[in-house]
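Worksheet for the structure shown next.
The values are calculated or read from the model by the stated rules, or taken from the named source; none is laboratory data. The structure displayed is predicted, hence computed values, not measured ones. A quick note on method: Cβ atoms are made from the backbone with ideal geometry, for glycine too, and the neighbour counts reach across all protein chains shown.
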Amino acid sequence: MFAVMGYLSDNKQLLAGLCTAKKHLNPKGVFIFDGWFGPAVLSQKPEKRRHEYEDGQNTVVRKVTPSLDPINQTVTVHYDISVNRNGKIIKQMQENHVMRFMFVQEMTLLMQSVGLKLVHYCPFLEPDGQLSTDTWNATFVAQKEP
């Protein structure tokens, strides 16, 4: 979980991930994963965020700056994290996470191409819910075709 399949940001990587999942399934076995839902990403747009966490001695500041690439269906999420003590930065880290967002028809086609069938999709942790442009995280359930 935690949108791990979204880290497979291009088609070749995602197909390889689906093939690997299928290889480990029993006949009619299911593969459940979550990811960012494309209609919500495009509708709501990723936003800059800033969070502070304090433990009494240190303050950790995490700044998140997303960059949307609608053509490649990715969001590059830049993290800038600093640890401050007494007003001074004592540690600083930066990293980028490239995340793919997904669409139902696309996942249906990709799964079919590797011998999986999309049997269910829903909002994350809401198996009876319906996806919408307000649903950022979606759950996909695939079954190995016999």
Look through ASN72, ASN26 and report the one residue that is closer than 25 Å to ASP134 by Cβ and in contact (Cβ under 8 Å) with a residue 60 or more places away in the chain. ASN72
Quick check on SER132: is it touching a residue at least 60 places away in the same chain (Cβ under 8 Å), exposed (fewer than 13 other Cβ atoms within 10 Å of the Cβ), hydroxyl-bearing (Ser, Thr, Tyr) and farther than 28 Å from LEU25 by Cα? yes
Consider MET102 carefully, then state whether it is of a type outside the set (S, T, N, Q), under 22 Å from PHE124 (Cα atoms) and at pLDDT below 95. no
Residues LYS48, LYS88: which one is of a type in the set (D, E, K, R) and in contact with a strand residue (DSSP E or B) (Cβ under 8 Å, 6 or more places away or on another chain)? LYS48
Taking the conditions exactly as written (free of Cβ contacts under 8 Å to residues at least 60 places away in the same chain and either under 28 Å from MET93 (Cα atoms) or assigned to a strand (DSSP E or B) (or both)), does LYS63 satisfy them or not? yes
From (1) part of a helix (DSSP H, G or I); (2) within 23 Å of TRP136 (Cβ to Cβ); (3) among the polar types (S, T, N, Q), pick out the condition that doesn't hold for SER9. (1)
Looking at the stretch 73-96 only, could you name the residues that are surrounded by 11 or more Cβ atoms within 10 Å (Cβ to Cβ) and outside any strand (DSSP E or B)? GLN73
Could you please give the count of residues in the stretch 97-117 that are among the hydrophobic types (A, V, I, L, M, F, W, C), assigned to a strand (DSSP E or B) and surrounded by fewer than 18 Cβ atoms within 10 Å (Cβ to Cβ)? 1
Among the candidates PRO70, PRO66, residue that is under 20 Å from LEU8 (Cβ atoms) and either among the charged types (D, E, K, R) or exposed (fewer than 13 other Cβ atoms within 10 Å of the Cβ) (or both): PRO70
